[in-house]
Amino acid sequence: MGARQMARQVFDHVWVRRLASLGCLLSAYQSARSGFEWHWLVASSGCALVLSHPRFAWGEPEGCPTTMSWPRWFELCWFLMPGWLFLSAAAAIRATQLPVRFSDRVWLIGAVWLLAGSWRLSRSKLGSVATSKARGLILGCAVVVFAAGVRTWQLADLPRAVHKDEMSVSLAERLWHDPDCDWLAPFSGYSVSNLCIGVAGAGGLVFGVNPLGARASGAVLGTLSVALLYDGLRVAAGPAMAVLASVLLAANHTHIAFSRVASSYIQPAFVVSFIWALFARLWIRPTYFAAALLGIGLAVATNLYQPALAALPLLGVSTSWLLLMRPERRRGLILAGTIVGVSFVSACAIVAVESWKHREQYAARSSDICVLSEHLMTGLKRDLYHTDSALVVVAEQAWVGLRGFHFGRDKESQYAINHPLTDAYSAALMIPGLTLALLSVRQFTAVNAVIFTFGYLVIALGMFVAEGFNRTTGALPLAMILPAIAIVQCCAALFDGSGWLSRAARVLTMAAIASVSITANLLIYFRDYAPMRTTIAAENDSEAGRVARMYASQYTIHLVSWPLPIHEGLQVIVGDLPVRRPAISDPIAYVKSAAVSGSDLFIIGGADTATRDALLARFPTARLEPYRPNTVLSLSLVFVGSPRTQVGRELDRQLSEN
C-alpha cells in the first residue's frame, strides 16, 4: 500500500476527522481572541486540510442541470426578439436629438416585453418552477425578518447622524417629478448616474422627504441582499449553508451600517446578491426568464453606484473558470449564456451612449480615486510606500485590501469605526473556509465565493483610495459563504451520522457557533457605533434640524437663520415637520414681524448675534438657551412662551441642565 493510500485511510478515519474538526474550531476561536496570530491560523488551515478529504458536506446538489432547448423561430421572433429590438432602438434614439424621456420609455417597453416573453417561454417549454419546501420557506422568512428588524430599528429616530449622501432623497424628489430629467446622465457633476440617486431616494416617494424616506431605500436593499443570498445558496448548496451564510450577512455590522444610511453604498451588495441568486439558478436549473433578467440586471448595475461595476468582470471570471473546470456543463449553458449576453448588450447600449457623451466626467472621477492615476500613484510612492516601483504600490494596496476582513478600520467620517469589515470570529473562520474552498476549485459555490469576495477587496478597497468601507460592501454577501463552509464542514465531521441525534447535534452546534459571530457583530454595531448614532454630522444646519425635531410637538418652530432654498441635510430632517422659515433673505426683518402662537421656539445660528438680539428686543421675557456654545455647532434657542405639555417642560428642564 502506497503512502498516499495510507494517508487517505488515516484522514478518512472518523475519529481523525472529529479531532480535526474540533481543532479547526478551537484554533479559529483562539485566533480571533489573540488577534490572528499566525500559528493559530496555520493550525486552523491544517485541520481544514484534513477535513477536506474525502468529501465536502457543503457542495452543490447531485445530478445534472436542466438543459434548455432552443426555441422555435416563431417563439424566438415573438417572445424575445421584439424586446431586444426595443432595447437597441432606445440606444439609437438616445444618440439623436429626440427627447430623452422618449428613449427611456422605449427602453422600458423593451425590458417589459423581454421579461414577459421569457417568462411565458419558460412556462410553456420548461413547465412550472418547483416551489420551495415549507421548511426552506419558513427558514428563509425567519432570516429575512431578522435582517429587516435590525435594519429598520429606530430608522427615523433622532438624534441620529445625518450622512451627506442621505440628501439624495431630496435630489431624487426632483428627478421623479421633473418630466424632462435625463435619468442616465450624471447629475450635477457626480460620477454616479441619476438612476443611482433615484434608487437611493426612492423611499421619499412613499415616506416623503424626512429621515425615514432617506433611509428606507437602503434598508430595503440591504434586506433584499440577504434574501437573495439565501435564495441562491438554497439552490446551489442546500438549506444549512443558506441559513448560516445569510444570517451572518444579516448580522454583519458593516452591512447593517450601510443598509441604514446612504443607500447608494449598499447597492453593490444588492447587485452581487442579485447576480448570485440568478447565476445559481442558471447553473442548477436554467430558465429563459432567469437568463433575460440577469442580462437586464447586469445592464442596470452598470448605471448604479460606481463600485457595483466590479460585479461584471468578476461574473465573467467566475463563469469562465467554472466552464473551464466543468466542461460537461458547457453544452447545457450555451443557450442561457447567449440570452444573458444578448439581453445585456441590447439593454446596456443606451448606457454606453450616455457614458461616451460624458466620458470626460467619468474619467476625471476615476482619476480622483483610482491609485493607478498618475497623481495618486506619485503620492503613494513618495509619502506612503517610499518606493519608485508602481508594481510595489499595487501589490501593497492589494495586500491591504485582501486583509480587509481581519485588519484595518473604517476611516469614513460618518462612522470612523476601529473595526475591520466583520467581527473577529467570522474573520477567523474565513481562513479554514478559504482553505476548503480553494481545495474545491470545481465547486460552483466555492469558486464564486472566492472570486467575488477577494475581487471586490482588491478592486474596491485596494485599487481605490477610499477613507472607508463604503466601496467594499460588494465583498460582504459571498464573503459570508467562507465561514459558513467551515462551520458546515466541521460540524458534519464532528457529528458524522444519519440518525436524528447526530442531525440534532449538528444543527445545535452550527447554531451555537454562528451565534458567537452574530452576537459579536451586533455588539459592535449597537455599542461601538453608538456615538455616531447619537450625534449629528458637523453642520449646524443639521444640528438645527435635530433640535427642531426634538421640540416640534411642543412649540411652533421658527428656523430663522436658514432661509430658502434650505440646506438639503436640514430639509431631510425637518421635511415632514410643521416648521416656519423666513421667505425673505433678511432674518432680522422676519423676527420683527413673525406671528407667534404663544409657544414658539426660534432657532438661530450661534454666530448670528444681530438676529438674536433683535428677537430678544421684541420679546424681553423670552428665554435664551445657548446650545453647544463655543463650538462650530453652536445655536441660539429663543423660547417665547411655555411648552404645550408636561413633556415639553421636561425637555426644557433637561436642556437647561445640559
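The values are calculated or read from the model by the stated rules, or taken from the named source; none is laboratory data. What you see is a predicted model, and the numbers here were worked out from it, not measured in a lab. Cβ sites come from the backbone with ideal geometry, for glycine too, and all protein chains shown count toward neighbours. What goes into the accessible areas is simple: the full protein's heavy atoms, side chains included, and nothing from ligands, DNA or RNA. Shrake-Rupley method; radii C 1.70, N 1.55, O 1.52, S 1.80 Å.
Distance between the 7 Å Cα→Cβ label points at F526 and T387: 4.4 nm.
Once the Cβ-Cβ distance of A552 and Q97 is raised to the sixth power relative to R0 = 60 Å, the FRET efficiency obtained is 0.80. P(r) for the chain, from all Cα pairs and a bin width of 10 Å, is 3, 14, 22, 23, 18, 12, 6, 2, 0, 0, 0 %, short bins first.
Counting DSSP beta bridges in the chain, what percent are antiparallel, to the nearest 5? Walk me through the numbers on the way to the answer.
Values: 14 of 20 bridges.
If we restrict to bridges inside the chain, about 70 percent are antiparallel.
Across all directions, the shadow cast by the convex hull of region 194-341 built on its C-alpha atoms averages 9.2 square nanometres. Annotation: T96 carries an accessible surface of approximately 60 Å², with a 1.4 Å probe and no ligand, DNA or RNA atoms counted.
From its DSSP helices (H runs of at least four residues, each -39,500 (n - 2.57)), the chain gives a residue-normalised ellipticity at 222 nm of -19500 deg cm²/dmol. Starting from the amide H of S599, placed 1.01 Å from N in the peptide plane, find each other amide H under 5 Å away whose residue is 5 or more places distant or on another chain. Under 5 Å from the amide H of S599: T556.
Each residue of region 303-316 was assigned a 3J(HN,Hα) from its phi angle through the Karplus expression (A = 6.51, B = -1.76, C = 1.60, θ = phi - 60°), giving 10, 9, 4, 3, x, 5, 4, 4, 5, 5, x, 5, 5, x Hz with x at Gly and Pro. Placing unit charges on each Cβ (+1 for Lys and Arg, -1 for Asp and Glu) gives the chain a dipole about its Cα centre, and among W84, C196, G575 the Cα reaching farthest toward its positive end belongs to W84. At each listed q (0.27, 0.28 Å⁻¹), what is the log10 of I(q)/I(0) that the Debye formula gives for region 284-325 modelled as equal alpha-carbon point scatterers? Calculated log10 I(q)/I(0) at the listed q: -0.99, -1.00. Distant-in-sequence amide contacts of R409, defined by a placed amide H-H separation under 5 Å and a gap of 5 or more residues or a different chain, comprise nothing.
Semi-axes, largest first, in whole Å: what does sqrt of 5 times each Cα gyration tensor eigenvalue give for region 439-534?
Values: eigenvalues 196, 98, 9 Å².
They are 31, 22, 7 Å, listed largest first.
Whole-Hz Karplus values for region 627-641 come out as 10, 6, x, 6, 10, 5, 9, 5, 9, 10, 9, 10, 9, 10, x Hz, taken residue by residue from phi with 6.51 cos²θ - 1.76 cosθ + 1.60 and θ = phi - 60°; glycine and proline positions read x.
Taking a probe of 1.4 Å, how large is the accessible area per residue of the chain, in Å²?
Numbers: 28540 Å² over 658 residues.
Roughly 43 Å² per residue, with all protein chains present.
Once you reduce region 453-506 and region 346-376 to the center of their Cα atoms, the two points are 32 Å from each other.
Residues in region 282-293 carry Karplus couplings, in order, of 5, 6, 8, 9, x, 9, 4, 5, 4, 5, 5, 5 Hz; the curve used is 6.51 cos²θ - 1.76 cosθ + 1.60 with θ = phi - 60°, and Gly or Pro positions show x. The angle separating the long axis of helix 481-494 from the principal Cα axis of greatest extent in the chain is about 50 degrees. Basic side chains Lys and Arg get +1 at the Cβ, acidic Asp and Glu get -1 at the Cβ, and with that the dipole of region 408-507 about its Cα centre reaches some 200 debye.
With the charge dipole of region 385-485 set up from +1 on Lys and Arg Cβ and -1 on Asp and Glu Cβ about the Cα centre, the Cα lying farthest toward the positive end among the listed residues V450, G474, L436 is that of L436.
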